[in-house]
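A short worksheet on the structure shown next.
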Amino acid sequence: MLHKFCEKTASYFFDNDCDYPLEVYTYGIELVVSSLIGTALIFCLGLIIGRFFEAVVYVVTLIAVRSFSGGYHARSYLKCNIIYIAAFVVSVFLNDLIIYRFNFAKYYIYGFMLLSVLIVLILFAPVENENKKVDSDDRLKFKIISIIMVLIFSAFAILVNTVIGKVEPLIVFPVLCVVEVSMLFDIFMKKGGTKYEISKDNNKENC
């Protein structure tokens, strides 16, 4: 249904005489529409559970960092939005757990999270996606930008918490862990896929 809508929209605004095939514009519109739907659902859920500010921080942090760090992408827009929303719920739960259960050691925990994310970014960022290739010349630039963004968001969260006393911005740290897990999972899946492809090729040769 989403594909049909985006296909008609692309056909209305573009034609085959444009710089790129119609499928490219359709795919681009699908990405935008799917992202808007997912973001709207996050904001609605944030309003319903009284966590709208956390929802905004979640969306901004996740999109900003992942744009340069890369990470796992689901095979369908439905799965993508389900993971997107589930990750928000997990981030809120984890932040509450750290603040209200381990409040005495929260900065140690957040510090460990930050260090863990930075190590993964330094080692692996950016993680390429089949639909978003990264030129070799841009790899170092993307890595540096993603690290800088992580440090800026982390500093913002700690500053607001220290000066104003608000705990909501500290959700930045669980969100950064979501980015880290997304990167590591994508790397794991690609390695698993490579082994599977080699196995298939060997089986074909043996036939």
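The values are calculated or read from the model by the stated rules, or taken from the named source; none is laboratory data. Keep in mind that what you see is a predicted model, and the values were worked out from it rather than measured. Cβ sites come from the backbone with ideal geometry, for glycine too, and all protein chains shown count toward neighbours.
Could you check how many residues of region 57-107 are under 25 Å from LEU140 (Cα atoms) and in a helix (DSSP H, G or I)? Walk me through how you get there before you give the answer.
Pass one, region 57-107, residues under 25 Å from LEU140 (Cα atoms): 59-73.
Okay, now just the ones that are also in a helix (DSSP H, G or I), so 59-69.
Result for region 57-107: 11.
Is it the case that some residue within region 99-107 is modelled with pLDDT of 75 or more, under 21 Å from MET149 (Cβ atoms) and surrounded by fewer than 20 Cβ atoms within 10 Å (Cβ to Cβ)? Before you say what the answer is, go through the steps one by one.
Restricting attention to region 99-107, the residues satisfying the condition of being modelled with pLDDT of 75 or more are 99-107.
Narrowing further to those that are under 21 Å from MET149 (Cβ atoms): 107.
Imposing the further condition that a residue be surrounded by fewer than 20 Cβ atoms within 10 Å (Cβ to Cβ) reduces the set to 107.
Yes.
In region 73-113, how many residues are over 20 Å from LEU41 (Cα atoms) and either assigned by TED's automatic domain parsing to the domain that holds SER35 or hydroxyl-bearing (Ser, Thr, Tyr) (or both)?
Here the count works out to 4.
Only one of SER91, SER136, SER146 is closer than 15 Å to ILE171 by Cα and either crowded, with 19+ Cβ neighbours inside 10 Å or over 14 Å from the mean Cα position of the chain (by Cα) (or both). Can you tell me which? Before the answer, list the steps.
Values: SER136 fails: closer than 15 Å to ILE171 by Cα; SER146 fails: closer than 15 Å to ILE171 by Cα.
Result: SER91 is the single residue among SER91, SER136, SER146 that is closer than 15 Å to ILE171 by Cα and either crowded, with 19+ Cβ neighbours inside 10 Å or over 14 Å from the mean Cα position of the chain (by Cα) (or both).
Every residue in region 118-149 that is modelled with pLDDT of 85 or more, part of a helix (DSSP H, G or I), closer than 11 Å to PHE68 by Cα and not polar (S, T, N, Q), please.
Within region 118-149, LEU121, ARG139, LEU140, LYS141, PHE142, LYS143, ILE144, ILE145, ILE147, ILE148, MET149 qualify.
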